[in-house]
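Working notes, structure below.
Laboratory data are not the source of any read-out in this text; all were calculated from the coordinates shown. Just so it is clear, the model here is predicted, and its values are computed rather than measured. For neighbour counting, all protein chains shown are included, and Cβ atoms are generated from backbone atoms with ideal geometry for every residue, glycine included.
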Amino acid sequence: MHGLMQNAPLLLTNILSHALRSSPDQEIVTRLVEGGMHRYTYREAGERIAQLAHALTDMGIGVGDRVGVIGWNTHRQLELYYALAGIGAVCHTINPRLGPENAGYVLMHAQDKALFYDATFAPLAAGLAPHLPCIETYIELCPEGAMSANDLGALSYESMIAGKPTSYDWPELDENTACAMCYTSGTTGKPKGVLYSHRSLVLESIVSCLPTSLGCGPEDVCLPVVPMFHVNAWGIPYGALLLGMKLVLPGPGLDGANLHELLIKEKVTYALGVPTVWLGLLAYVESNNLDFGDLKYSLIGGSALSEKLIKGYDKYGVRCRQGWGMTEMSPLGTVNMEPAGFFDKPVDERVEFMMRQGPAVAFVDMRIISADGELLPHDGEAEGHLQVKGPWIIDTYYGMEQNALTKDGWFDTGDVAVIHPNGQMQITDRAKDVIKSGGEWISSIDIENAALNHPAVMQAAALGMHHPKWDERPMLVVELKPDAEADPEEIKTFVNGQLSKISAVDDVQVVDAIPLGATGKVLKTKLREIFKDYVLPTAAA
Ligand code: AMP
């Protein structure tokens, strides 16, 4: 028997109209690409989103059309998120750090009809243009006077929307209509397209706004440092408006000085980003004798949260909270919400808990599976392939015929994890990064976290290196803090003092810079290339 309730579709335009109704005077602040700051209210944002929707429709963009965006986190990109989705088109955000070859590939694969870009990326757009027959119109995200000189024949965003009506009669779309698209970062093989629907993003946003999920509220001032091309800035452009939070968008200013200025001036209380960003900001604050102003929480995801970050921020009264997810999961999978009274305990007693990725959020199911396909227990010991299921988790990659699921309908994340009896999931590695030594699995994350505790270490990566007896043994690569000096042998003793015998590293190598991938994560594929001729001292012996 069916229930007898209305079957209203779940649409992103509902989030927008709710925000305009309930918090019209709330602020959105942006560090502009063309210099200076921009601030306006939700009400003004709503008017410009409507103007943009008119401009897009006049341009011939309609239901199902994909539109590329290569930009920083700004109010203009936020407007694109809502206007494109609102008219039934797809906002395809592109990571500029993918490099020209992959950026061109994803634009062509998605068959984007128009490309919006920030001035910073004008050379990239101009270089790609001859290879992009699908793109009919180029639009630079700036006023007429700030346009870059090139022969793209691009329109200025501000001129394009100027004078258009400030309201739009949003269509009532089917809730399964596609609205946004991100490609995976393509560290192995070509990037793959993940196509989100209104329904999947609305549900993900509602759950991320639960007090037990991200744990922020309308009184927070939210700074997504995570880029809007990295899984929709982890859903914050939707969640912030749903909650009515003040939103602070950092534009191109992602260095320590710019981020710190924004944190202080805008009284940011809640910020989100990958560990590399937080390591850089911490180093900046420490070396300049500053503090974090009103910042209460930093939500850290994308890579594992380390003890170094937890303790480094704790000294300033800032609480690191860990989340885990992926492009294929829109991205929310877990948030490691603390139990009541948790922060009354000294930091040393909190670290173990905080270094876990956390329990699944509502509507996401997780399981771990052995190499033989056996279901493993949630006992905090058994380590296996992490698989997930839920209403905002991928079914099929864009353009592929076969779905991306196991025979019984789960998505294999490519992560290896344990699940503790209290439901907390803990990633031990990416399946491809696990170090396999004498039949045992060694977690590269454990080694990296131990290395980051060393005062001279800025960034760390553990690799499994061939060993004639054990198959693989761990080797640690470190990048030191600027001006720091340390002896690799001393680092090795320090690191191994924190690890079990089997995980102890056989060697430490210091490099000038550990390569980072398109979303600020350590690029192990590149490191493996660099060390392809390397032989472990223990293997040579
Ligand atoms: P992406 O799709 O680029 O966001 O990458 C998703 C992958 O990032 C996951 O499958 C994990 O391997 C990794 N990841 C995300 N969050 C975390 C976390 N909190 N700890 C460890 N790894 C993470």
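Numbers for the structure displayed
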{"read-out": "For GLY253, net neighbour charge (Lys/Arg +1, Asp/Glu -1) across residues whose Cβ lies under 14 Å away", "value": "-3"}
{"read-out": "Sites ASP483 and LYS315, calculated FRET efficiency, Cβ-Cβ separation with R0 22 Å, nearest 0.05", "value": "0.55"}
{"read-out": "Per-peptide average of other Cβ atoms within 10 Å, ordering 399-407, 264-272, 83-91 highest first", "value": "83-91, 264-272, 399-407"}
{"read-out": "Per residue convex hull volume, Cα atoms of segment 91-214, in Å³", "value": "165 Å³"}
{"read-out": "Helix-only mean residue ellipticity at 222 nm for the chain, each DSSP H run of n ≥ 4 adding -39500 (n - 2.57), per residue, nearest 500", "value": "-8000 deg cm²/dmol"}
{"read-out": "Per-selection Rg to Rh, segment 366-430 - Cα, Kirkwood hydrodynamic radius", "value": "1.01"}
{"read-out": "3J(HN,Hα) from dihedral phi, segment 479-485, Karplus parametrisation 6.51/-1.76/1.60, rounded to Hz, x for glycine, proline", "value": "10, 8, 5, x, 6, 7, 10"}
{"read-out": "Length-normalised contact order of segment 366-430 in % [C-alpha pairs under 8 Å, at least 6 apart]", "value": "32 percent"}
{"read-out": "For peptides 349-360, 283-294, sequence by mean Cβ density within 10 Å, most packed first", "value": "349-360, 283-294"}
{"read-out": "Antiparallel bridge percentage (DSSP; both residues within the chain; nearest 5)", "value": "55 percent"}
{"read-out": "Set of lysines near LYS265 by C-alpha distance (under 24 Å), chain-local residues within fewer than 8 positions excluded", "value": "LYS246, LYS296, LYS315"}
{"read-out": "Unsatisfied cross-links (Cα-Cα over 26 Å) in the set LYS436/LYS524; LYS192/LYS389; LYS436/LYS481; LYS436/LYS526", "value": "LYS436/LYS481"}
{"read-out": "Mean shadow area of the chain, taken as a quarter of the surface of its Cα convex hull (nm²)", "value": "26.8 nm²"}
{"read-out": "Spherically averaged projected area in nm², based on the convex hull that wraps the Cα atoms of segment 17-144", "value": "7.8 nm²"}
{"read-out": "Normalised contact order of the chain, rounded percent, pairs of Cα under 8 Å and 6 or more residues apart", "value": "10 percent"}
{"read-out": "Peptides ranked, highest mean first, by Cβ atoms within 10 Å: ranges 30-42, 200-212", "value": "200-212, 30-42"}
{"read-out": "Where labels lie 7 Å past Cα in the beta-carbon direction, separation of ASP255 and ASN422 in nm", "value": "4.2 nm"}
{"read-out": "Kirkwood-Stokes translational diffusion coefficient of segment 483-541, alpha-carbon pairs, 10 °C, 1.306 mPa s, µm²/s", "value": "118 µm²/s"}
{"read-out": "Charge context of ILE264, other residues only, Cβ under 9 angstrom, K/R +1, D/E -1", "value": "-2"}
{"read-out": "Two-site FRET efficiency, THR406 against THR57, from Cβ-Cβ distance with R₀ of 45 Å, rounded to 0.05", "value": "0.65"}
{"read-out": "At 1.002 mPa s and 20 °C, Stokes diffusion of segment 183-324 via Kirkwood alpha-carbon radius, µm² per second", "value": "136 µm²/s"}
{"read-out": "Projected-area average for segment 435-540 over all orientations - Cα convex hull basis, square nanometres", "value": "6.5 nm²"}
{"read-out": "Around HIS466: net Lys/Arg minus Asp/Glu count, Cβ-Cβ under 13 Å", "value": "0"}
{"read-out": "Counting DSSP beta bridges with both ends in segment 435-540, the antiparallel % (nearest 5)", "value": "75 percent"}
